[in-house]
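Just below is one structure, and these are the notes that go with it.
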Amino acid sequence: MTFFFYLDVLVITTGTSSASVSNLLHSMVSACGVVITSYATFLNHQDYILPHKWQYIILDEGHKIRNPEALVTVAVKRLK
């Protein structure tokens, strides 16, 4: 399990456990922090990420969500 904190920034990596993600996301959203993750990790932890309301969502590598039927595209479109 790997976490990096830099000025209220949470980086969620592939080996992060679901219980830790849930608790850390709640803390970061409450503190108006920043969460950085990959599309693959987002898919693995979408049940914990999607319920939160986000002020800004910045997506890099748009080609990864180009296919409208791909699981990652469908999940990303559910972000609020």
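The values are calculated or read from the model by the stated rules, or taken from the named source; none is laboratory data. What you are looking at is a predicted structure, and each value in this text was computed from that prediction instead of being measured. With ideal geometry, Cβ positions are generated from the backbone for all residues, glycine too; neighbour counts draw on all protein chains shown. What goes into the accessible areas is simple: the full protein's heavy atoms, side chains included, and nothing from ligands, DNA or RNA. Shrake-Rupley method; radii C 1.70, N 1.55, O 1.52, S 1.80 Å.
Quick notes on this structure:
This table checks each residue for (1) at pLDDT below 85; (2) touching a His at 6+ places or on another chain (Cβ under 7 Å); (3) hydroxyl-bearing (S, T, Y).
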{"site": "L43", "(1), (2), (3)": "no, no, no"}
{"site": "D47", "(1), (2), (3)": "no, no, no"}
{"site": "K53", "(1), (2), (3)": "yes, no, no"}
{"site": "Y56", "(1), (2), (3)": "yes, no, yes"}
{"site": "K64", "(1), (2), (3)": "no, no, no"}
{"site": "V72", "(1), (2), (3)": "no, no, no"}
{"site": "R78", "(1), (2), (3)": "no, no, no"}
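- With respect to the conditions (1) surrounded by 11 or more Cβ atoms within 10 Å (Cβ to Cβ); (2) at pLDDT 85 or above; (3) among the acidic types (D, E), D8 falls short on a single one, namely (2).
- Restricting the first member to segment 60-74 and to residues that are closer than 19 Å to I49 by Cα, and the second to residues that are in a helix (DSSP H, G or I) and among the basic types (K, R), the beta-carbon pairs closer than 9 Å and six or more apart or on different chains are A70/K64; V72/K64; T73/K64.
- Close pairs from segment 21-44: first within 23 Å of A70 (Cβ to Cβ), partner at pLDDT below 75 and open to solvent by 50 Å² or more (accessible area, probe 1.4 Å), Cβ under 7 Å, at least 6 apart: A40/T14; T41/T14
- Segment 24-80 holds helices (runs of 4 or more DSSP H) entirely within its bounds, and those carrying 2 or more residues that are out of contact with any strand residue (DSSP E or B) (no Cβ under 8 Å at 6 or more places or on another chain) and among the hydrophobic types (A, V, I, L, M, F, W, C) map to 39-44, 71-76.
- Search result, residues across segment 51-66 that are under 21 Å from N23 (Cβ atoms) and either among the charged types (D, E, K, R) or surrounded by 15 or more Cβ atoms within 10 Å (Cβ to Cβ) (or both): K53
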